[in-house]
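What follows is a set of notes on a single structure, which appears directly below.
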Amino acid sequence: MSEIETLVKELADKHGRKRESLIPILQGVVEKERYLSDEAMTEIARELDIAAAQVYGTATFYSFLDTVPRGKYVIRICKTISCSMKNGNEVIKAISDILKIQVGETTPDKKFTLLEANCLGWCHKGPAMLINDTPYTELTPQKVREIIAEYKRK
Amino acid sequence: MANNKPLKKVDLIFSEAFLNRDELKEVLSRSADEVIQELLDSGLRGRGGAGFPTGLKWKFTRDQKDPEKYVVCNADEGEPGTFKDREILDRVGRKVFNGMALCARTIGAKEGYLYLRGEYRFLLPKLYQILDEFHEDMKALGMDFHIDIKLGSGAYVCGEESALFESMQGDRGEPRNKPPYPTEYGFRGKPTVINNVETFVSALIINRIGAEKYQKLGTVDSRGSKLFSISGDTPIPGIYELELGMTVEQFVNEFGDGDTKAVQVGGAAGFCVPRKKFTDTIIGFEGVPTGGSMMLFNSSRSMYNVLHNYLDFFKEESCGQCTPCRVGCQQLFLGIEAVKRGEKPASYLETLLKLSQTMKITAKCGLGQSVGNSFHSIVNNFREEMIY
């Protein structure tokens, strides 16, 4: 069995093989692989006995269920109004400069992906971002430099 | 009108009361009729934004014959400018689960779900720990009720209740046609009470302190207190529990930076109130309703940029299922850009206003229907900023 087959099987054993199990399984694959490959989606379809189109259609609806390769650390920075009013753009630019990638891109070493996100629910402490699941708030160019340096060492 | 009256701050939601097993036992000893009557008397309306009377929602679901029913807590807090539900779950999560148990006992449900937005995934370890204690207490109290957590994956529209059910069922989060309403046809097609996080807590509190006491807060149309998420140009951003029924003027006196030119009440889906309307606009169901989102803008802000940001948000978050919303959001976005660049005459704004009105009437769900709220209120009140 390939690695992805094993992972999908494990997740299906844990969450079940009903239609309702689909999203938890997709989330489980993303957590491990950072994205859903065609192979993974085909395998999930087989395991749940539904059409691959159903899996793909569901996955592509949700912004956190990526279907293109992402880095080990996915940075999602909020671009909605309250964060943007607190100089969110400067922070985005700072991250982009540090990682030498544009929004939507992944570093060549596959360590970081930089994405913009809609409201993350930290409007009183903007600008805010998530690195994978962890929120960071009241960001400044200096602060993101320190945070990213820490992740680089990981 | 007493516009300069200071705001009444309240401490019910985050208070340490109503957290333990004895409290839960006490409240669960009430009959379903008592619970529903108390809610009806209190005048509590849903705290997520739509404002449906909670007592009626519970009553309608209870009245359904189907033995399989569900309690769902909507923690898909995605409206720009709101963040209170995260704080409730973080600080008094147990109260939410207790409120859900009260609902389950009232309507006759054995299963409950918390639908948590993916952005709040970091809360999971804490919530599972609270749930463990909660389930132990359920067992000790001899109540057959279990709560599970379903995680969202980054889709604003899933905060719409029927889209949320679709998502829980493993599908694309596309809203259903309504009616039938969730009280009749909800999760798995079964009668379901779906309430906002704060609503469950308020329902619990009301059944402890009594409707009479709760009623004393607020106005005829907007009873009680609620949490406000305050951000933007304010020296004191944060979460505040305030008595309902204040004017925007009173609110700005307390939270503004002295230069407030507009307040967006109810998030991107809500209404923009310009300075000249502060004194006669009430924050509540009789004026501008809000799920809690309050964003302040001072005179340094371009309202064109604000609207542009909202429309960018809506065009990305529209599920794309119905044409008025899918195409409408994009055309409004492109339209204001074209007017700003001078590619379209100022009169084109009238065409766009008509389009947003059409969306209000024809879009399938609340998302598409409410884009016009901010569009109308910003374009009509700040027309010159849209053009020059």
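The figures follow:
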{"item": "Residue in region B:78-98 that is more than 20 Å from the chain's Cα centre (by Cα) and either farther than 23 Å from B:Asp137 by Cα or outside any helix (DSSP H, G or I) (or both) present", "result": "no"}
{"item": "Of all residues making up region B:1-37, the number that are buried (at least 20 other Cβ atoms within 10 Å of the Cβ) and either closer than 25 Å to B:Thr279 by Cα or touching a Gly at 6+ places or on another chain (Cβ under 7 Å) (or both)", "result": "1"}
{"item": "Within region A:120-143, tally of residues that are in contact (Cβ under 8 Å) with a residue 40 or more places away in the chain, more than 7 Å from every other protein chain (Cβ to nearest Cβ) and under 18 Å from the mean Cα position of the chain (by Cα)", "result": "4"}
{"item": "Of residues in region B:214-247 being touching a strand residue (DSSP E or B) at 6+ places or on another chain (Cβ under 7 Å) and in a loop (DSSP other than H, G, I, E, B), the one farthest from A:Ala128 (Cα to Cα)", "result": "B:Leu217"}
{"item": "Qualifying positions in region B:273-332 - within 13 Å of chain A (Cβ to nearest Cβ) and aliphatic (A, V, I, L, M)", "result": "B:Met294, B:Met295, B:Leu296, B:Met303, B:Val306, B:Leu307, B:Leu311"}
{"item": "The one condition in (1) surrounded by fewer than 20 Cβ atoms within 10 Å (Cβ to Cβ); (2) in the same structural domain as B:Glu111 (by TED's automatic domain parsing); (3) of a type outside the set (Lys, Arg) that B:Ile194 fails to fulfil", "result": "(1)"}
{"item": "Enumerated helices (runs of 4 or more DSSP H) restricted to region A:56-154, each holding at least 2 residues that are of a type in the set (Val, Ile, Thr)", "result": "A:88-99, A:141-153"}
{"item": "Condition met for B:Met246 (over 16 Å from B:Gly81 (Cα atoms), touching a residue at least 12 places away in the same chain (Cβ under 8 Å) and out of contact with any Pro (no Cβ under 6 Å at 6 or more places or on another chain))", "result": "yes"}
{"item": "Scan of region B:277-304 for residues that are among the β-branched types (Val, Ile, Thr), in a strand (DSSP E or B) and under 22 Å from B:Glu385 (Cβ atoms), ordered by number", "result": "B:Val288"}
{"item": "Exclusive hit being closer than 30 Å to B:Ile236 by Cβ, facing chain B (nearest Cβ under 10 Å) and among the aliphatic types (A, V, I, L, M), set A:Ala94, A:Ala117, A:Ala59", "result": "A:Ala117"}
{"item": "Tally of residues being away from every other protein chain (no Cβ under 11 Å) and under 22 Å from the mean Cα position of the chain (by Cα) across region B:228-249", "result": "8"}
{"item": "A:Glu90 vs. criteria of a type in the set (Asp, Glu), surrounded by fewer than 18 Cβ atoms within 10 Å (Cβ to Cβ) and either free of Cβ contacts under 8 Å to residues at least 24 places away in the same chain or closer than 30 Å to B:Tyr310 by Cβ (or both)", "result": "yes"}
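The values are calculated or read from the model by the stated rules, or taken from the named source; none is laboratory data. Everything numeric here is computed off the predicted structure, so don't read it as measured data. Methodologically, a virtual Cβ is constructed for each residue, glycine included, from the backbone with ideal geometry; neighbour enumeration extends over all protein chains shown.
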